[in-house]
Amino acid sequence: MRNFVITIGRQTGSGGREIAERLARRLGVVCYDKNALMELAQRTGGYEEVQAFYEEQPVNSLLYAIAMENFEQNIGEKPFGCIRNVCAKEPCILLGRCGNYIFRHEPDTVRIFLCSSRENRIQRLMDSYALDRKKAERAVRDTDEARESFHRYYTHEAWGQAEHYDLCVDSLALSLDHTVEFLMDYLRYRGLV
């Protein structure tokens, strides 16, 4: 098996975490999510330097405006470098963490974005987590806004914009298992598995 990286960005409620975990099991590779990366950073040292990145602390609009005015090209250099080092060791899946941006120039990378309609995502949260409509709507809105802000802060790119991914999939148009099968077929066509 080639040493590939699959990056998965996702909208809230699209089933991205479950799809990433199922795909990782099918491929026999590790799936690095926020918690796995934080644990590695804490074990290997230097966690304090990149804590805000790993914890995906929200970036408010005032902070973002100040950062853009005084932007340093290397704002993500340290956490991006840590993630590159972790993912260079073996084939893996990277969930979130600006993975599509970090590995944008790597030939053996597949950058995936999972999405669906707002209504479908709200309904999925209501069904999967027994949330009432208001809580599900708030979760979709707040989490997606935080992800958009975080991604823009570190990459200067619009989060979820098709041109920054190899594949954008409406994961709720299919079942989660069928989405995994679709992604497996895509990886086969790309010659990665």
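We did not get these values from a lab; they are worked out from the coordinates using the rules stated. None of these values were measured; they are calculated from a predicted model. For neighbour counting, all protein chains shown are included, and Cβ atoms are generated from backbone atoms with ideal geometry for every residue, glycine included.
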Checklist outcome for this item: Cβ density ranking, 10 Å radius, fewest first, applied to Ser171, Ser117 yields Ser117, Ser171
Next on the checklist: Once you order the gyration tensor axes a ≥ b ≥ c over the Cα atoms, which shape class does the range 133-193 get: rounded for a/c under 1.5, otherwise prolate or oblate by comparing a/b with b/c?
Outcome noted: oblate
Next on the checklist: Straight-line reach from Lys34: which lysines fall under 21 Å, measuring Cα to Cα and dropping same-chain residues less than 8 apart?
Outcome noted: Lys78, Lys89
Checklist outcome for this item: A correct Karplus calculation of ³J(HN,Hα) over the range 175-185, with 6.51 cos²θ - 1.76 cosθ + 1.60, θ = phi - 60°, whole Hz and x for Gly and Pro, returns 6, 4, 5, 5, 5, 4, 4, 4, 5, 4, 4
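Between Asn85 and Glu119, what FRET efficiency follows from the Cβ-Cβ distance if R0 is 45 Å, with the result rounded to 0.05?
0.65
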Next on the checklist: Below 9 angstrom from the Cβ of Asp33, what's the summed charge of the other residues (Lys, Arg +1; Asp, Glu -1)?
Outcome noted: +2
Checklist entry - So between Ser175 and Arg133, what do we pick up on full extension, going 0.36 nm a residue minus the alpha carbon distance? => result 13.0 nm
